[in-house]
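Here's the structure, in structure tokens; my notes come after.
The values are calculated or read from the model by the stated rules, or taken from the named source; none is laboratory data. Since the structure is predicted, the reported quantities are computational estimates derived from the model, not experimental observations. Using ideal geometry, Cβ is built from the backbone for each residue, glycine included, and neighbour counts are taken over all protein chains shown. Please note that ligands, DNA and RNA were not included when accessible areas were found on the heavy atoms of the full protein model with its side chains. Shrake-Rupley method; radii C 1.70, N 1.55, O 1.52, S 1.80 Å.
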Amino acid sequence: MPTEALREIQPPDQGSTIRAAARRAGGRTRWWRDARRRRMLAAADLGAGALAVAVGYGAAIAFAALPLWILFAKVGDLYDRDHRVLRHLTIDELGSLVAWAVAGMAVSGTLTAMANPDSLDPLRVFSGLVVGVFASLCLRASARRLWRRFTPPEVTAVLGEGEVAISLRRQLRLFNDVHIELVDDDSFAGVLDGSATTPDLENLAERVDRLIVAADSIDSETLTRIADYCRDAEAKLGVVSPIAGSGGPGQQLVQVADVAVVDCETWDLSRSTLALKRAFDIAGASLLLVAFAPAMALIALAIRLDSSGPAIFSQLRAGLGGKPFRMHKLRTMDQDAEARLADLVRIDDLAQPMFKLRNDPRVTRIGRFLRRFSLDELPQLVNVLRGEMSFVGPRPEQMPLVERYAPEHRFRLEVKPGMTGPMQIAGRGNLSFDARLAVERDYIEHMSLARDLRIILLTVPVIVRGGGAF
């Protein structure tokens, strides 16, 4: 940075520094929300660890290792992730919690063996491990829910007026588990263009708990000034990449020596990942078809009694590479629904190649129920078994819409479509086309079996809540 520019960056004034110091001296800093959450998570871990030890060992000496369970959780970064991530879900910790429970059970088992080696029962120990992982998931999720209920949300401002900022504000308002209060204030407008004065920056940092810069561009001098005031006022600061959510390549932060680099991913999926995904699809679809066959038969009967026409509806959709295939669903609309579509929407007049109709008059009574709980998707297990679809992937779109795709939209055809996918857990029908492309690109460029399992698990509460289902 030029010397002249450095001279223009004024540090926070002494009054601001004194106020921040006085606040800290008063016993409560602006990080108190995070401290409360960490304590609640630690209490949850103690409860889960105690249950695991009680089931796995039962010996009093095994409980002496519980403080080490908390130490292992701290070392495993299980208390600080929420501080760094706006939307951190308990299910994201599954792998870490398994490792944590194994370490805790090993230490508790060592103490038990030292006291009475004959008391160890491998089956009982394994049961304790399973109980510990399950209990930690449940108790941690409950702790976070209680924390959100009894802790005021962080006052958050998003700086920026471009597509990136608009997309971010939409996403922040969409998820109820993002514990923030989003504020819009015209007085913040001068911060990004460098016209903000020292009182303006001080006022901004003092008024918000978290500031997110989502500008199409920002100079380093302005960002440095904002960071100085946020640091002094104990306000969190985040900066969004200018191409985030724009349909551009996926990004992740990597380290090159001591320099942080935003890495834009442009490589293909590995064959091993695709092979594992296909094996999972075959096994899962086979089991679920057998399990849900009686339910599908009863639903089919209800459909036939509710309205005339076949119980199964098939429609051409775009599959891998844009190749058409017949996707099967339990019929949720009147028999002449496709003929009536032109009366409701004209594909050629759409601003973007997608549409969702709220309160569609073609939907039957039983159809509304089936859509509410996504039961109409069950016949797609046949498509999964045949290799036309996968459990997880971008949702298959109608051929007339795909034919209107621009070149930058066709990346979503590079993988098999899915019964569920990133769109389903990110807002379903409430997402704009650009937001939908952003979450789907992120999924495609970070695809893994673990991520598929995560999306499947997160789909269950989405289906129960029914948000965005129409």
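Listing for the model above:
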item	result
Enumeration of residues in region 340-392 that are of a type in the set (S, T, N, Q) and open to solvent by 20 Å² or more (accessible area, probe 1.4 Å)	Q352, N359, S374
Counted residues, region 74-93 - those being open to solvent by 30 Å² or more (accessible area, probe 1.4 Å) and part of a helix (DSSP H, G or I)	7
Tally of residues being modelled with pLDDT under 70, crowded, with 19+ Cβ neighbours inside 10 Å and outside any helix (DSSP H, G or I) across region 144-202	2
Residue count, region 310-339 (criterion: touching a helix residue (DSSP H, G or I) at 6+ places or on another chain (Cβ under 9 Å), open to solvent by 20 Å² or more (accessible area, probe 1.4 Å) and assigned to a loop (DSSP other than H, G, I, E, B))	3
Region 229-246 residues that are at positive phi, paired with ones that are modelled with pLDDT under 85 and part of a loop (DSSP other than H, G, I, E, B) (beta carbon under 7 Å, 6 or more apart)	E234/T29; E234/R30; E234/W31
Residue within region 432-442 that is among the hydrophobic types (A, V, I, L, M, F, W, C), open to solvent by 40 Å² or more (accessible area, probe 1.4 Å) and not in a loop (DSSP other than H, G, I, E, B) present	no
Residue satisfying all of: in region 292-309; part of a loop (DSSP other than H, G, I, E, B) and open to solvent by less than 60 Å² (accessible area, probe 1.4 Å); farthest from Q380 (Cα to Cα) among these	S307
In region 392-413, the residues that are more than 16 Å from F325 (Cβ to Cβ) and in contact (Cβ under 8 Å) with a residue 60 or more places away in the chain	V392, E408, H409, R410
Check on F325, aromatic (F, W, Y) and touching a Lys or Arg at 6+ places or on another chain (Cβ under 6 Å)	no
Test set (1) farther than 23 Å from I456 by Cα; (2) touching a Lys or Arg at 6+ places or on another chain (Cβ under 9 Å); (3) polar (S, T, N, Q) - N383 fails condition number	(1)
Yes/no for A244 being at pLDDT below 85 and assigned to a helix (DSSP H, G or I)	no
Criterion violated by A59 - all others in (1) surrounded by fewer than 17 Cβ atoms within 10 Å (Cβ to Cβ); (2) among the small types (G, A, S); (3) at pLDDT below 90 satisfied	(1)
